[in-house]
Amino acid sequence: MAKKILIIDDEAVFRELMNNALTSYGYQCIIEDNPVDGILRLKAEPCDLLLLDIMMEPLDGWDTLDHIKALPHGRDTPIIMVSAKKLQADEVIRYGEQVDGFIPKPFVDTEFTDTITDFFSWKESLYAAVEAAKTQGVPDEICSQWVQLSRQIVAITQLKEAVGSFCLPEEGLTGEQCLAHKINLINRWITEKSNERNALSSRYPILTEGLTNQESNVADN
């Protein structure tokens, strides 16, 4: 069956661009032009992926994310943020563990659809790897932790790449120093998660045996 993708974006031009690009590749798109209707739609109709704009009203994308993660199946719905907004480092720190990636606007249709297709391929390979691992006796909690770390490493890295050059001064630091400090925190965070994931992979090599070279590079960071 075609993958079902929910798009929540208040800009008509980008809703149309995403819908046209994805449907031409065989995806099934559901479109909502505001966060409230998007949340209601997700309550009634689960999807395989949510593409969520950040700059919206009355709720922005981050507030919408909080509401979605409180839904019964919202925590398990993959969410990729899509925005022209340059991110604040604090947004990465606060939301990095809750999303699955970031796509900047504007975008080229082919690159956009390739990114979505690659995401599904990578996600499916992760779950295929853990199913194989479970048959070899790897505990369910280890498999879940490995998948969660894999997704978080990719998402946090993509969000970090979208961070802008502006940061409000705080705690006696200039804006430039504050930004450098927070980027360093994010880098350490990624490293810690990568080390934790690599430790699991070393302990249970079956987890990475089914991955392609590209996917293994992500796994090993």
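Just a few scattered comments:
- Simple spin-label estimate for residue 120 and residue 171 gives 4.3 nm between the two label positions (7 Å along the Cα-to-Cβ direction from each Cα).
- Prolate/oblate/rounded label for segment 4-94 (Cα gyration tensor, a/c 1.5): oblate
- Choice from 47, 29, 167 showing the highest fluctuation, given a GNM over the chain with Cα pairs closer than 10 Å: 167
- 94, 41, 151, 188, reordered so the largest accessible area comes first (probe 1.4 Å): 94, 188, 41, 151
- Taking label points 7 Å from Cα along the Cα-to-Cβ direction, residue 191 and residue 90 give a separation of 2.5 nm.
- Residue-averaged 222 nm ellipticity for the chain, from DSSP H runs of 4+ at -39500 (n - 2.57), nearest 500: -19000 deg cm²/dmol
- Alpha-carbon centroids, segment 101-151 and segment 57-73: separation in whole Å: 22 Å
- Only protein atoms count toward the accessible area here, which uses a 1.4 Å probe; on segment 1-149, the carbon and sulfur part of that area reaches 50 percent.
- Listed values (1) 62, 40, 32; (2) 54, 48, 33; (3) 83, 42, 36, entry calculated as Cα extents along the principal axes in Å: (2)
- Under the simplified labelling scheme, the residue 145-residue 44 pair shows an inter-label distance of 4.1 nm, with each label point 7 Å from Cα along Cα→Cβ.
- Counting only protein heavy atoms and a 1.4 Å probe, segment 81-169 has 46 square angstrom of accessible area per residue.
The values are calculated or read from the model by the stated rules, or taken from the named source; none is laboratory data. The structure presented is a predicted model; accordingly, all values stated were derived computationally and were not measured. When we count neighbours, we look across all protein chains shown, and the Cβ atoms used for this are built from the backbone with ideal geometry, even at glycine. These area figures cover heavy atoms from the full protein model, side chains too; ligands, DNA and RNA do not enter into them. Shrake-Rupley method; radii C 1.70, N 1.55, O 1.52, S 1.80 Å.
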